[in-house]
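Below: the structure, in structure tokens.
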Amino acid sequence: MEEFMQKQPQWKDRFNEIVQVCQEEIKRTTEIGKKMLSASKTNTMLHESYEELGALTFKALEDGTLEFDDPRVKELVNTIRSCEFDLEKIESDVNDIKKNS
């Protein structure tokens, strides 16, 4: 009976250790998931901006009025730059999360 009582705390400690490791892994995976969701939204915005910029550029070429002083073109270029920066930051964050595991 005494031997059983000594093994029980060891079992509980091991179980608690496993639970803690699982909780940490879930937290890390959740952080990565949030970053990936943010990256997906940013990537969609980037794609839409490229698409609209391409359509505007094509239309301007067809009309013979290619003018890059157009405020919408400047706005789209800024959006593209911002999205590219955000995606690089998200990738860096995800790599940091993975390294800290």
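Every number in this text was worked out from the coordinates using simple rules, so none of it is lab data. Bear in mind that the values here come from a model prediction, so they are computed numbers and not experimental data. Cβ coordinates were reconstructed from backbone atoms using ideal geometry, including for glycine residues, and neighbour counts include every protein chain displayed.
Compute the angle between helix 2-63 and the longest alpha-carbon principal axis of the chain, please, reported from 0 to 90 degrees and rounded to the nearest 10. Orientation of helix 2-63: about 0 degrees from the principal axis. Pairs of Lys residues in the chain that lie 8 or more places apart, or on two chains, and have C-alpha atoms under 17 angstrom apart add up to 13. Only one item in (i) -0.17, -1.44; (ii) -0.47, -1.14; (iii) -0.26, -1.40 matches log10 I(q)/I(0) by the Debye sum over Cα atoms at q = 0.09, 0.24 Å⁻¹ derived from the coordinates shown, and that item is (ii).
For a Förster distance of 41 Å, can you work out the FRET efficiency between the beta-carbons of N95 and A60, rounded to the nearest 0.05? For N95 and A60, the calculated efficiency is 0.55.
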